[in-house]
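Each reported figure results from applying straightforward, stated rules to the coordinates on display, with no laboratory input. For clarity, every value in this text was computed on a predicted model and none was experimentally measured. Don't worry about glycine lacking a Cβ; one is built from the backbone with ideal geometry, like all the others, and counts go over all protein chains shown.
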Amino acid sequence: MTGQVRTVDGRVAGRRGQATREKLLDCLSDMLDSSPYRDVKVIDVARRAGTSPATFYQYFPDVEGAVLEIAERTAAESSSLAELTAGRSWVGKAGWQTAQELVDGFLEFWRKNDAILRVVDLGAAEGDKRFFKIRMKILNSVNSALSDSVAELQAKGRVDKDVNPAAIAGSLVVMLSAAASHQKGFTSWGVKQAELKPSLALLTYLGVTGKKPAK
């Protein structure tokens, strides 16, 4: 952890205080895996962290404030998704590999952060602008890079000139995020992960290039 960490009243937290704050966030993250967001109470987080509600309130105004902290950190980590397509080739076998790695990255990122991403989606769907901005930050990390990739192919005459790169990229990103958040649901439909990945990669490659992949 870098930079100064402050308490709610503006004091700079010492090393011990920072460790306590991190433990509270870790415990809250664990609780979100098994409990609905709005059922989590300050006293439960504090008890799990081995401290008191008063200590919790030194670092966060409420549970929602702590949840937003976790969500912001998750959004910062999403920059790794952009690296899966930025500057990568979408031509031939290299392009097929790019599509596969992008899908793998999306599915893994959502599996790793499933609990907090469900909370972000819920808040955004309910019109909370704070959660909406976080959700867009996560999706934009890929959307911009993917849009640039389509535009580059278009400039080289590999993609129809009438295609809107931003529209294609946005459609693919929404598809990938929806599929990634529904991974457990696919299993109930009899779709295995080994079958889901190539299907999403195919749709992504077709969307970006307009062609079937060279495998």
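For the chain, find the longest principal axis of its Cα atoms and tell me its angle to the long axis of helix 165-181, 0 to 90°, nearest 10. Long axis of 165-181 versus the principal axis of the chain: about 50 degrees.
For Lys156, the lysines whose Cα falls under 25 Å of its own Cα, not counting residues fewer than eight places away in the same chain, are Lys93, Lys211, Lys212, Lys215. With only Cα atoms counted, the chain has Rg and Dmax values of 20.3, 63 Å. By the helix-only formula, in which each DSSP H run with n ≥ 4 contributes -39500 (n - 2.57) and the sum is divided by residues, the chain has a 222 nm mean residue ellipticity of -22500 deg cm²/dmol. Report the normalised scattering of the stretch 91-189 as log10 I(q)/I(0) at q = 0.14, 0.17 Å⁻¹, calculated by the Debye formula with identical scatterers on the alpha carbons. Here log10 of I(q) over I(0) equals -0.62, -0.85.
From most to least packed by mean Cβ count within 10 Å, the peptides 159-169, 75-85 give 75-85, 159-169.
May I ask for log10 I(q)/I(0) of the stretch 21-123 at q = 0.17, 0.24 Å⁻¹, from a Debye sum over the Cα atoms as equal point scatterers with solvent left out? With one equal scatterer per Cα and no solvent, log10 I(q)/I(0) is -0.77, -1.21. Just tell me which lysines come within less than 20 Å, Cα to Cα, of Lys23; anything on the same chain fewer than 8 places away is out. By straight Cα distance, Lys23 reaches Lys41, Lys112.
For the stretch 15-61, the relative contact order is 36 percent, taking Cα pairs closer than 8 Å that sit 6 or more residues apart in sequence and dividing their mean separation by the residue count. Against the chain, whose longest principal axis is taken from its Cα atoms, helix 193-209 shows a tilt of about 60°.
Per residue, the Cα convex hull of the stretch 15-61 amounts to 60 Å³. Peptide packing for 26-37, 179-190, 198-209 was compared via the average number of neighbouring C-beta atoms within 10 Å per residue; ordered from the highest value, the list is 198-209, 26-37, 179-190.
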